[in-house]
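The values are calculated or read from the model by the stated rules, or taken from the named source; none is laboratory data. All values derive from a computational prediction rather than experimental measurement. Note that each Cβ is placed from the backbone with ideal geometry, even for glycine, and that neighbours are counted across all protein chains shown. SASA here: full protein model, heavy atoms, side chains in, ligands and nucleic acids out. Shrake-Rupley method; radii C 1.70, N 1.55, O 1.52, S 1.80 Å.
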Amino acid sequence: MPEAAEVAVAAAQLHQVAAGRELSALPVTHPRTVRHTDPVSLAALVGRRVTRVRSHGKWIVVDLDGADAALGIHLRMSGQLLVAEPGTPHPDRHVHATLALGPHPDPFWPTDSPACEGIRRPERAVEVRFRDPRTFGELRVLPHGVAPVAPDLFDPAVTGSSLHALAARRRVGVKAVLLDQTQGVAGIGSYLADEALHRAGIDPTAPAGELATSAWERILVAARAIAVDSIAVGGVTLEDEGWVDLWGRPGTYAAQLQVHARATCAACDTPTSSAVVGGRRARWCRRCQHPRRRR
Ligand SMILES: [Zn+2]
């Protein structure tokens with residue numbers, strides 16, 4: 001499932017493709033794709049120029065000129081955004097919405113994301129297709145451009161202290177707090193949590209309320225560093241997951257994972273442990289992540 005890194009890659013690439021263009025049409029062909037938004041407010045976004053595309057947690061936020069709302073895109077389990085020539089047929093039936101984008105007046109558009117290196121922005125009209133076989137993903141109108149989640153992983157408001165305060169007296173495992181998108185921090189999914197906890201030396205099943213601020217700080221620093229490294233190589237594409245970037249390319253950060261989706265720890269070769277924490281599977285190394293470490 002796409003997490004902060006993959007969503008940041010998709011948002012940077014969509015910015016590269018869409019910024020400066022008019023959203024000329026937005027046909028939606030599956031009702032589930034817009035289940036949380038009304039068609040009138042969605043239609044009001046059509047005809048406006050895209051000013052910026054950014055990520056907030058696992059949301060891709062498309063800001064539009066003169067609109068008091070943004071277009072939110074959530075990929076959830078299996079969503080993909082794919083660039084295509086307008087009108088060309090798609091090889092399968094899983095495209096449920098299309099962002100039709102008009103021609104661009106200026107072929108040179110600055111970008112500083114490594115996710116866009118070597119990519120030439122198309123000048124003619126272009127389509128970005130929302131493909132989603134499992135239909136958990138969605139398009140949603142976001143009033144005032146605000147994603148309905150906690151502050152983003154890279155938001156300076158998120159600190160070791162803010163996470164420590166949030167987790168106070170909570171008995172749930174630390175991984176459950178990291179995965180909660182509505183409180184604390186948004187964007188951390190299963191692999192970022194497993195990898196950040198491994199790098200920080202913290203057991204994912206440790207009661208969240210017992211961790212010192214210094215431990216939360218170390219987890220946060222690790223999660224941000226791992227996300228940056230993952231973004232640089234296009235994110236994580238595991239065998240059973242469908243993440244690809246806007247040009248259909250898988251990410252290669254899976255080769256750098258230390259414990260997530262691994263039978264043994266890449267750092268010390270100890271067989272990894274696995275348990276369900278907060279409804280999701282956690283994987284960790286009992287040697288690198290000491291069960292009693294709290295600071
Ligand atoms: Zn280890």
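With loop defined by DSSP as not H, G, I, E or B, and exposure as at most 15 other Cβ atoms within 10 Å, which is the longest segment of the chain clear of exposed GluC sites (Glu not before Pro)?
So the longest stretch without any such site is 1-116.
With the full set of protein chains in place, find how many percent of the accessible area of the stretch 4-143 is carbon and sulfur; take the probe as 1.4 Å.
Ligands and nucleic acids excluded, carbon and sulfur reach 55 percent.
Roughly speaking, to the nearest percent, how much of the stretch 160-284's 1.4 Å accessible area is carbon and sulfur?
52
How far is the Cα center of the stretch 11-43 from the Cα center of the stretch 186-263, in Å?
Measuring centre to centre over Cα atoms gives 29 Å.
How much area per residue is accessible in the chain when the probe is 1.4 Å and only protein heavy atoms are counted (Å²)?
44
Could you give the angle, 0 to 90 degrees to the nearest 10, between helix 4-18's Cα long axis and the longest principal axis of the Cα atoms of the chain?
Helix 4-18 and the main axis of the chain meet at about 20 degrees.
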